[in-house]
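Peer 1: Quick one: this structure, given as structure tokens, is what I'll be asking you about.
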Amino acid sequence: MRRKLIILILSISILLLCIVLLLTTVYNNYSSGIKKKQIVRGADIYMKQQLYKFPGIDDVETAAIVTRYTALSNKYYYFDLSKVEQKNKIVNILDWLNLNSESIAPNIKEVKKSNGGLLYTFLIINFKNGKSINIYFNEDMQADKKIIIQGTLLNESVVTEKCPQLVQFLSNDWKSLSGVMKQEIH
């Protein structure tokens, strides 16, 4: 009888310890997910709690690189999401954005355009829910390694400084895929 009582007390103690560990883990995960970020907009400094979360590849309907073709038209290079290499590149891009979401802040700089045409290359990702993001990188930003993200997926234009893989892809690496991508001029 005494042995059963000791086993019961030990079992309850282990169960309580597991519950405490589980609650501690849940609390730590919750509190680390709510991070405060300092953002500078003009002379104002304020705290922002929002972290940006970008959808996964299963939510992507289409993706394309858009480049300047002529003064009034652009050339679209469409990713074929049924091809592993091209699909993996979009997976990587979404992963890069999510991994660097802590460095994303509201953008105060306007995306430059000229006479109806773009000044530089950008990536557009359209999602199945009808929303989209445009990811811009241009020579003006190359020294700072910044990209601008806009579109209906976000409520605002944002900028990130800590996504060198995406800067490298948009500035040069996408060209290695361009020969196998569907191309259209609009």
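Coordinate-derived values only; no laboratory data. Please read all numbers here as calculations on a predicted model, not as lab measurements. Glycine gets a Cβ as well: all are built from the backbone with ideal geometry, and neighbour counts include every protein chain shown.
Peer 1: If Lys and Arg each add +1 and Asp and Glu each add -1, what is the summed charge of the other residues whose beta carbon sits under 15 Å from the beta carbon of Ile9? List each step's numbers first, then the result.
Peer 2: Values: positive: Arg2, Arg3, Lys4; negative: none.
Local charge sum for Ile9: +3.
Peer 1: Rounded to the nearest 0.05, what FRET efficiency is calculated for Gln183 and Glu85 with R0 set to 22 Å and r the Cβ-Cβ distance?
Peer 2: Values: r = 17 Å, r/R0 = 0.76.
Calculated value: 0.85.
Peer 1: While we're looking at this one, here's another question. When Lys and Arg each count +1 and Asp and Glu each count -1, what net charge do the other residues less than 11 Å away from Met181, Cβ to Cβ, add up to?
Peer 2: Numbers: positive: Lys75, Lys83, Lys89, Lys175, Lys182; negative: Asp80, Glu85, Glu184.
After counting each charged neighbour, the total is +2.
Peer 1: Next up: For the pair Lys175 and Ser11, how long in nm is the line joining their label points, each one 7 Å along Cα→Cβ?
Peer 2: 7.0
Peer 1: Output wanted: per-residue J couplings in Hz (rounded whole) for segment 7-14, from phi through Karplus 6.51 cos²θ - 1.76 cosθ + 1.60, θ = phi - 60°, x for Gly and Pro.
Peer 2: Result, ordered by residue: 5, 5, 5, 4, 4, 5, 4, 5 Hz.
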